[in-house]
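In what follows, a single structure is set out as structure tokens and then discussed.
The values are calculated or read from the model by the stated rules, or taken from the named source; none is laboratory data. Not measured: the values here are computed from a predicted model. Positions of Cβ are generated from backbone atoms using ideal geometry, with glycine treated the same way; all protein chains shown enter the neighbour counts. SASA here: full protein model, heavy atoms, side chains in, ligands and nucleic acids out. Shrake-Rupley method; radii C 1.70, N 1.55, O 1.52, S 1.80 Å.
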Amino acid sequence: KIEAVCNDLKQDKLGALLEDINMIEEDPLSPQELKAVLHRRGIPMRYMGRLCINAKFNHTREIFVSEIVARAAKKIIMDGLLFLSEEEDAQFNSENINRCTHFYLNEVLCLKPNEVATLNSGKPLDNQGIWDFIAEQAKMKYGIAIKKDILKKVHINSLLHNILNKCNIRLKIPVNQIDFSKAVDSDQLIKQDFIKRIVPKIKDYRHFDLS
């Protein structure tokens, strides 16, 4: 009975927040604002998918989708670095950390030439590789279906900025100088020498030996 009452209260909170979002009483314009709104209204982040599906405005849906993708991308990068740290012959140093990070950022954010051609023909993209994982995380944790072709519908530079912040990665150049429209010609838009450093966060690197 108590659980049922709690669920009813949660549904009421979700309904009230969705109404305010669609009436622009609440209008988060960044991942930080989105997180602040949900926390202030007592809504767990796992309900982002439901809110996204029922949001009226494109810019609101984009914020939700970008946050969901960024969270999945962070897990991919952190897991990749953890795997690198556990490989005895991998030489877990700054150069290899940058190389690993560079690989995953491009895999997550860049459309390959054949993928661009598929989208330009009006056909949907099938999720493959890393995007299989992103789609699985989005469905399992947030209850929303996301495909890689979402990259054509969101502001990729903002998504990159969100991922960099979550992973504490610093670039040598401003994020807005990376032109993702060039993905037709290259799937390596984020060059390895763009990465200045990745600063360890204790909770993310608790298993890593960076000495």
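Quick check, is Glu136 assigned to a helix (DSSP H, G or I) and surrounded by 14 or more Cβ atoms within 10 Å (Cβ to Cβ)? So Glu136 does not fit the description; no. Do we find a residue being surrounded by fewer than 19 Cβ atoms within 10 Å (Cβ to Cβ), farther than 20 Å from Asn162 by Cβ and not hydroxyl-bearing (Ser, Thr, Tyr) anywhere in the stretch 55-75? Yes, there is a match, as at least one residue in the stretch 55-75 is surrounded by fewer than 19 Cβ atoms within 10 Å (Cβ to Cβ), farther than 20 Å from Asn162 by Cβ and not hydroxyl-bearing (Ser, Thr, Tyr). Against the test of being modelled with pLDDT under 95 and surrounded by 20 or more Cβ atoms within 10 Å (Cβ to Cβ), the options Leu51, Leu29, Leu9, Leu14 yield a single qualifying residue, Leu51.
All but one of (1) buried (at least 18 other Cβ atoms within 10 Å of the Cβ); (2) at pLDDT 85 or above hold for Leu84; state the number of the condition that does not hold. Among (1) buried (at least 18 other Cβ atoms within 10 Å of the Cβ); (2) at pLDDT 85 or above, the lone unmet condition for Leu84 is (2).
For (1) part of a helix (DSSP H, G or I); (2) under 23 Å from Leu171 (Cβ atoms), each residue gets a yes or a no:
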position: His59; (1), (2): yes, no
position: Lys75; (1), (2): yes, yes
position: Phe103; (1), (2): yes, yes
position: Val108; (1), (2): yes, yes
position: Ala117; (1), (2): yes, no
position: Ala145; (1), (2): no, no
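The single condition among (1) open to solvent by 60 Å² or more (accessible area, probe 1.4 Å); (2) at pLDDT below 80; (3) among the polar types (S, T, N, Q); (4) more than 28 Å from Gly49 (Cβ to Cβ) that Gln128 does not meet is (4). Note on the stretch 143-153: residues that are touching a residue at least 24 places away in the same chain (Cβ under 8 Å) and open to solvent by 20 Å² or more (accessible area, probe 1.4 Å) amount to 5. Of the residues making up the stretch 52-107, those that are more than 21 Å from Asp132 (Cβ to Cβ) and touching a Pro at 6+ places or on another chain (Cβ under 8 Å) are Thr60, Ile63.
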